[in-house]
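The values are calculated or read from the model by the stated rules, or taken from the named source; none is laboratory data. Given the structure is predicted, the values throughout are model-derived calculations rather than measurements. As a convention, Cβ positions derive from the backbone with ideal geometry for all residues, glycine included, and neighbour counts pool all protein chains shown.
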Amino acid sequence: MPVYEYKCSACNRVFEMQQKISDPPLAVCAECGGVVKKIVSASAFHLKGGGWYADGYSSGGGKTGESKTAPACGESGGCKGCCPSAS
């Protein structure tokens, strides 16, 4: 079940509530009885595994963070067969 975050407009209390997606949003603060609104909270985001590099691509044995650039169109057969200008 997802966890939603709410903020009370009367007492400024911020709290989390575990609810089903189909449940209606809360309307009343359990502490003071004030009106609550659902707020957008920061989500957790973790990159895991060995597939992430500083430049976004595997450097194929080079140093991490070393940028690799592709040859320009037509240069050393750079995009021969895939680019219309290389035909």
Exercise. Quick one: would you say Lys37 is part of a strand (DSSP E or B), modelled with pLDDT of 90 or more and out of contact with any helix residue (DSSP H, G or I) (no Cβ under 7 Å at 6 or more places or on another chain)?
Worked result: yes
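Would you please name the residue that is farthest from the chain's Cα centre (by Cα), looking only at residues in region 1-34 that are part of a strand (DSSP E or B) and of a type in the set (D, E, K, R)? Spell out the reasoning first.
Narrowing region 1-34 to residues part of a strand (DSSP E or B): 3-8, 14-18, 28.
So of that shortlist, the ones also of a type in the set (D, E, K, R) come out as 5, 7, 16.
On the way: Glu5: 18, Lys7: 24, Glu16: 21 Å.
Residue satisfying both the conditions and the ranking: Lys7.
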Exercise. Looking at region 16-29, which of the residues that are touching a strand residue (DSSP E or B) at 6+ places or on another chain (Cβ under 8 Å) and of a type outside the set (Val, Ile, Thr) is farthest from Pro2 (Cα to Cα)?
Worked result: Cys29
